[in-house]
Amino acid sequence: MQYFDQPLPLAFLKADRNGKIVSYSGIARESFDLSEGHLKGIIDEESIEKLIQYSWEPGLDPVKLELNMKTRETPLSLFEVHIQWDSEDYANMLFLPKDSSNENLMDKLMQLQQRLSSTDFELLEKKEELEQVLIRLNQLSGPFIPLSETLCMIPLFGDITADKINVISESCLKAVFAGEYEEILFDLTAVGEIEGKGIEKFTQLLKTLNFMTGSIIKLIGIKPNLAKVLNTYKLDEWVQIDQSLKQVLNVYFNRNELGAT
Amino acid sequence: MNQAETLASLLLQGDSAKVWENIQKQPQLSRLEVYQNLITPAMQHIGHLWETNQITVADEHLATATCDFVLSKLAYRQEKRQSNQKAMFLCLDGEQHYIGLKMVNSLFEEHGWETKYFGPSLPLEYALKTAKDWKPSVIGLSVSIVYHLPKLKEYAEAFAKLTHKPAVLLGGRLAGKYDLLPYCSDHTVILKDLPETKEWLQNNEAGGQQNAIF
């Protein structure tokens, strides 16, 4: 193996048909560990097949191919290798490091991808937060308010959705069973829209309450737009309807006064 | 051109819209089948094109980025089941071949798992920190380049020491090609392709928690 004493700007190697290195340039010696004296010592195992297949046929034209090389610095580094066979059946090889030229582009690409995925992740986290907030919101949208020993009220807030009624049902049933209420009021004054599935669940809740407690259930604060929708669900079998809390309370107090006298 | 070659050429053009169109031509395929029968062979063909000196590594990067985008689109709005289990997925430090990992992550999500997907090249210290804080029941690793194998041993041993005993799953190009057992810990499960991964998921569902570490 001979030192090729020319100031070449790239790593240069000359090898025979068996891959034995016969000559090397200064930069080649700096870049690669040439102690084996053979191309197999400096080319990644999985690139050797490629080298043999695509450049080891002698021809007049120079061949260009990408190979992974073992350098002194890293165990795997991409090079563009230019090969020209000469008349003495030696391969003259120039090694152009490719990683450095790709690196910038790759880094940018990776950064973009990472930004996309982190944005994705942040969105996901926000979504999870939002789901928690919604559950919390649902829990708070149907507070149970005992008005007296025998009268209680559950005002509903916001749209009537299946999720919301599910969440409310649990706490509502628990609270109602804990007391002995003769009348249960559902105040719909603060209700916005009604979803079909929501009203189904709501009807189920009313039926359950009706069966389990035998209490009188009253819907109050029904606005005209709600009245139209509720009318289609035939609720009057299970509930009574009153205009407002004021009216119910008036009746309630008058009755109690009468009872007292 | 066969299906894989066609899809590979679209990926190499960086044309995500055409790739999407091409995949949508077979709406009857399940997501697993899209991964296993369309995307995997196309990406393998791209590797083959480099080996046969027809494309450069830069082309491969473009194809990978395009594929990544299409996978994200495929995974979007997929139907999810509930399982309440957690899994994290990462490539070993320096490993840039992450498409397979991303598909596995997506499969887990499809099965209702909550996942953290770290993609390419995650240093062990970060992986360990997340594993300790978040306590996933599965840690999925991917390795495709032979010289990363010594690191694999390091990762597998570090994960095996975790007190909450996660199942460590190993996949990637090398898992189907070589016997990686010598580089694993006792608790590492090697999955050589996506159908095996799916099978593992189904066994896990059927057997519940106690099967998670077989």
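Give me the Kirkwood hydrodynamic radius of segment A:138-233 in Å, from all C-alpha pairs, to one decimal place?
Values: mean 1/r = 0.0754 Å⁻¹.
Every distinct Cα pair counted, the radius reaches 13.3 Å.
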Gaussian network model of chain B, Cα within-10 Å springs - most flexible of B:Val143, B:Val104, B:Val34: B:Val34
Dipole moment magnitude, nearest 20 debye, chain A about Cα centre, only Lys, Arg, Asp, Glu C-beta charged: 1060 debye
Peptide B:117-123 - average C-beta neighbours from other chains (10 Å radius): 2
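Using only the C-alpha atoms of chain A, find the volume of their convex hull and express it per residue in Å³. Could you put the intermediate results ahead of the total?
Numbers: hull volume 61.8 nm³, N = 261.
Hull volume normalised by residue count: 237 Å³.
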Enclosed volume per residue, in Å³, of the convex hull spanned by Cα atoms of chain B: 118 Å³
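What's the average, rounded to a whole number, of partner chain beta-carbon atoms within 10 Å of each residue's beta-carbon in B:51-58? Numbers along the way, then the final one.
On the way: counts 7, 4, 10, 1, 1, 7, 8, 8.
Average per residue, whole number: 6.
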Average silhouette area of segment A:1-147, convex hull of alpha-carbon atoms, in square nanometres: 14.1 nm²
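If you wrap a convex hull around the C-alpha atoms of segment A:1-74 and split its volume per residue, what is the figure in Å³? Walk me through the intermediate numbers first.
Values: hull volume 7.6 nm³, N = 74.
It comes to 102 Å³ per residue, whole-number rounded.
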Test item: Cα-centred dipole of segment B:120-197, Lys/Arg +1 and Asp/Glu -1 on Cβ, debye: 120 debye
Dimensions in Å of segment A:62-159 - Rg and Dmax from alpha carbons: 33.0, 110
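Using just the helices of chain B, give the 222 nm mean residue ellipticity in deg cm²/dmol: DSSP H runs with n ≥ 4 each add -39,500 (n - 2.57), and the total is spread over all residues, rounded to 500. Walk me through the numbers on the way to the answer.
On the way: 9 runs with 105 residues, N = 214.
Rounded to the nearest 500, the figure is -15000 deg cm²/dmol.
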Stokes-Einstein D for segment B:118-198, Kirkwood Rh over Cα pairs, 4 °C, 1.567 mPa s (µm²/s): 101 µm²/s
Kyte-Doolittle mean at least -1.0 and Cα axial length at least 18 Å: DSSP H helices in chain B: B:57-75
Kirkwood Rh and Cα Rg combined as Rg/Rh, the protein assembly as shown: 1.22
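Please give the charge dipole size of segment B:63-214, origin at the Cα centre, charges +1 on K and R Cβ atoms and -1 on D and E Cβ atoms. Round to the nearest 20 debye. Before the final figure, lay out each step's value.
Values: 18 positive and 17 negative charges, 46 e Å.
Computed charge dipole of segment B:63-214: roughly 220 debye.
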Spatial separation of Cα centroids for segment B:104-142 and segment A:96-110, in angstrom: 27 Å
Distribution of pairwise C-alpha distances over segment B:1-56, 10 Å bins, in %: 25, 55, 18, 2
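Between their Cα atoms, which of B:Lys73/B:Lys102; A:Lys126/B:Lys165; A:Lys126/B:Lys132; A:Lys197/A:Lys228; A:Lys14/A:Lys70; B:Lys135/B:Lys161 are more than 20 Å away from each other? Please report the intermediate quantities before stating the final value.
Values: B:Lys73/B:Lys102 12 Å; A:Lys126/B:Lys165 29 Å; A:Lys126/B:Lys132 23 Å; A:Lys197/A:Lys228 16 Å; A:Lys14/A:Lys70 17 Å; B:Lys135/B:Lys161 13 Å.
Over 20 Å Cα-Cα: A:Lys126/B:Lys165; A:Lys126/B:Lys132.
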Solvent exposure of chain B as accessible area per residue, Å², 1.4 Å probe: 47 Å²
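I need the fraction of alpha carbon pairs in segment B:120-161 separated by more than 14 Å, rounded to a whole percent. Spell out each step's value before the answer.
Details: 406 of 861 pairs.
Tail fraction, whole percent: 47.
The values are calculated or read from the model by the stated rules, or taken from the named source; none is laboratory data. Keep in mind the model is a prediction, meaning the values are calculated, not measured. Cβ sites come from the backbone with ideal geometry, for glycine too, and all protein chains shown count toward neighbours. Just so you know, the surface numbers come from the protein's heavy atoms only, side chains and all, with ligands and any DNA or RNA stripped out. Shrake-Rupley method; radii C 1.70, N 1.55, O 1.52, S 1.80 Å.
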